[in-house]
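Here the structure is laid out as structure tokens; the discussion comes afterwards.
The values are calculated or read from the model by the stated rules, or taken from the named source; none is laboratory data. Note that the structure is a prediction, hence the values are computed from the model and not measured. Cβ: placed from backbone, ideal geometry, glycine included. Neighbour counts: every protein chain shown. Areas reflect the complete protein model, heavy atoms only, side chains present, ligands, DNA and RNA absent. Shrake-Rupley method; radii C 1.70, N 1.55, O 1.52, S 1.80 Å.
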Amino acid sequence: IGVAGPILIHGTKANGEFYIPLATTEGALVSSYHRGMKAIRASGGVTAACLSEGTQRSPYFKFNNIGEVGVFVKFVLDNSHTFDAIVAQASRYAKLSDVKVNVEGNSVILTFEYTTGDASGQNMVTICTDQICQFLLANIPFQPLEWYIECNYSGDKKATALSFTSVRGKKVTAEATVTQKVVKEVLGTTPGDIAQYWQSSSVSAVQSGGIGIQGHFANGLTALFMATGQDVACVSEAYVGITRMEVTKQGDLYLSVTLPSLTVGTVGGGTGLPTQRECLKMLGCEGTGTARKFAEICGATVLAGELSIAAALANGNFSKAHRLFGRKK
């Protein structure tokens, strides 16, 4: 575990300077993120906001024909007012916020969306959704040919285009404006060179067919997830996002990141392990009431990493940095 920062954050929940714990075996990673944080802090800090939250589970039901699907969907919608009580019996923290229906032939996917308090909530929403499904199975006029608690639709631990039309976990956006002076002195390049590199790399990302446009969200998120006891496999969905860089009218560098699928929590799971709990405590994100704050810190951390890697690639120092800071000497 290395420590980068401090990074200065102006958020809806995260406010102040934070030292960021990063668990990694990559030699250059902590130095790179530290450099980005230094540049951002010298220019006034990051503005970050957790915009929305929701965790989904998507059970699948197959019937004999479309007619039976229609009857089933009507039953679901007519009885949706009972679901809150079922969820309340299954969990003290989960709250059902929406139910979506997706019909395909003689099958239907129901997507149940919840808020899960300060937990990332995957297990919580599974248990609650199962209880709702058991209620449905016990009361519908005919049984499905088959059904499954999850049908690979919710986006759990995978990158999907649905990320940009809704939210998975927490949706966070963060921005900063880095002055020409700081870009030159700290990053060794210019706002124009960074913005030009980012334009070219964005076109390349589109050609590759990637979901979203970003440099290396997965690097910072994985390191921060491991340090703080998150479900590291959720990086496979959390890395989906958008980075934007452009030159302002004043000639400074504006950059922003948006992460629509940040599945994180500050209670439950690995957050209770001794080292991980200590890292959360260092961030002021230990226990209840801190998950949105932690999500904003994740967004600010990712922003610093995007700035640093773009600057290294724009000025040609990317390879040199890995030679200097890599593990192999």
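Scan (1) under 21 Å from C151 (Cβ atoms); (2) free of Cβ contacts under 8 Å to residues at least 40 places away in the same chain; (3) open to solvent by 60 Å² or more (accessible area, probe 1.4 Å) for the single condition S97 breaks and write down its number.
Every listed condition holds for S97 apart from (2).
Go through the range 1-49 and give me each residue that's in a helix (DSSP H, G or I), open to solvent by less than 10 Å² (accessible area, probe 1.4 Å) and touching a Ser or Thr at 6+ places or on another chain (Cβ under 7 Å). I'd like the intermediate steps shown before the answer.
Looking only at the range 1-49, we keep the residues that are in a helix (DSSP H, G or I), and these are 29-42.
Now restrict to residues that are open to solvent by less than 10 Å² (accessible area, probe 1.4 Å): 29, 33, 36-37, 39-40.
Listed by number, the residues that qualify are Y33, G36.
Taking into account only those residues within the range 243-267 that are touching a residue at least 60 places away in the same chain (Cβ under 8 Å), farther than 14 Å from S120 by Cβ and of a type in the set (V, I, T), which is surrounded by the most Cβ atoms within 10 Å (Cβ to Cβ)?
Result: V257.
Working only within the range 28-68, note down all residues that are more than 24 Å from the chain's Cα centre (by Cα) and closer than 19 Å to G305 by Cα.
Within the range 28-68, A42, S43, G44 meet the criteria.
Quick one: M245 ticks every box in (1) in contact with a strand residue (DSSP E or B) (Cβ under 9 Å, 6 or more places away or on another chain); (2) not in a strand (DSSP E or B) except a single one, so which number is it?
M245 satisfies every listed condition except (2).
Could you list, in sequence order, all residues of the range 124-136 that are open to solvent by 60 Å² or more (accessible area, probe 1.4 Å) and either of a type in the set (S, T, N, Q) or in contact with an Asp or Glu (Cβ under 8 Å, 6 or more places away or on another chain) (or both)? Steps first, answer last, please.
Quick first cut of the range 124-136, residues open to solvent by 60 Å² or more (accessible area, probe 1.4 Å) only: 127, 131, 134.
Listed by number, the residues that qualify are Q131, Q134.
May I ask you to verify whether R92 is within 30 Å of T179 (Cβ to Cβ), free of Cβ contacts under 8 Å to residues at least 60 places away in the same chain, more than 20 Å from the chain's Cα centre (by Cα) and not in a strand (DSSP E or B)? Write out each step before concluding.
On the way: within 30 Å of T179 (Cβ to Cβ): no; free of Cβ contacts under 8 Å to residues at least 60 places away in the same chain: yes; more than 20 Å from the chain's Cα centre (by Cα): yes; not in a strand (DSSP E or B): yes.
Spelling it out, it is not the case that R92 is within 30 Å of T179 (Cβ to Cβ), free of Cβ contacts under 8 Å to residues at least 60 places away in the same chain, more than 20 Å from the chain's Cα centre (by Cα) and not in a strand (DSSP E or B).
Output the qualifying pairs, or none if there are none: Cβ atoms under 6 angstrom, residues six or more apart or on different chains, first residue in the range 116-128 and at negative phi and of a type outside the set (G, A, S), second residue assigned to a helix (DSSP H, G or I) and surrounded by fewer than 20 Cβ atoms within 10 Å (Cβ to Cβ).
I127/A90; C128/A90
Quick one: in the range 137-195, of everything that is small (G, A, S) and under 16 Å from T111 (Cα atoms), which residue is surrounded by the fewest Cβ atoms within 10 Å (Cβ to Cβ)? Can you show your working first?
Residues of the range 137-195 that are small (G, A, S), as a first pass: 138, 154-155, 159, 161, 163, 166, 169, 174, 176, 188, 192, 195.
This time we only want the ones that are under 16 Å from T111 (Cα atoms), so: 154-155, 161, 163, 166, 169.
Details: S154: 24, G155: 25, A161: 10, S163: 23, S166: 18, G169: 29.
Restricting to residues being small (G, A, S) and under 16 Å from T111 (Cα atoms), the top hit is A161.
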